[in-house]
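The values are calculated or read from the model by the stated rules, or taken from the named source; none is laboratory data. Keep in mind that this is a model prediction, so the values were computed, not measured. Cβ atoms come from the backbone with ideal geometry, glycine included; neighbour counts cover every protein chain shown.
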Amino acid sequence: MTMDEHEKYLRLAADFDNYRKRMEGELGEVTKFGIRLVVTDMLDVLDHLEQAIAHAPPDTPAEWLKGLKQVQRQFEAAIQKTGAKRIDSQGKKFDPNTMEAVHMVEGGPSHQVKEEVRAGFTLHDRVIRPARVIIYQ
């Protein structure tokens, strides 16, 4: 093997190693965040479940409501298993990176969250859905 052939071989081996490392990194990202669409669909279902519980008629049987709350807890646990986490916004200072202000009201500390309208979530520390909040002016 000549010196030129040896250098070409080493260069080719290095290029292939770099390619392999890049593909491993990209596969890791796809694996980690590929579930994002499924999780966001699950969050919509969780929202509807929470709304059903919150707006249950006063004459709703207690066992029925208790069962719905159990389903909600199980659903939340299933979402957490994906790596998704709820954004803690209640009573916090408004953060435009994790929250979306849908309304402003007077009567409290400036730019502090008064109320969370819809929960926000992160997936592996990336915001997949900002929290919708009402803030003080």
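Within the range 1-39, restricting attention to residues that are within 30 Å of Ile79 (Cα to Cα), of a type in the set (D, E, K, R) and out of contact with any strand residue (DSSP E or B) (no Cβ under 7 Å at 6 or more places or on another chain), the residue that is modelled with the highest pLDDT is Arg22. Number of residues in the range 21-51 that are in contact with a helix residue (DSSP H, G or I) (Cβ under 9 Å, 6 or more places away or on another chain) and surrounded by fewer than 14 Cβ atoms within 10 Å (Cβ to Cβ): the value is 1.
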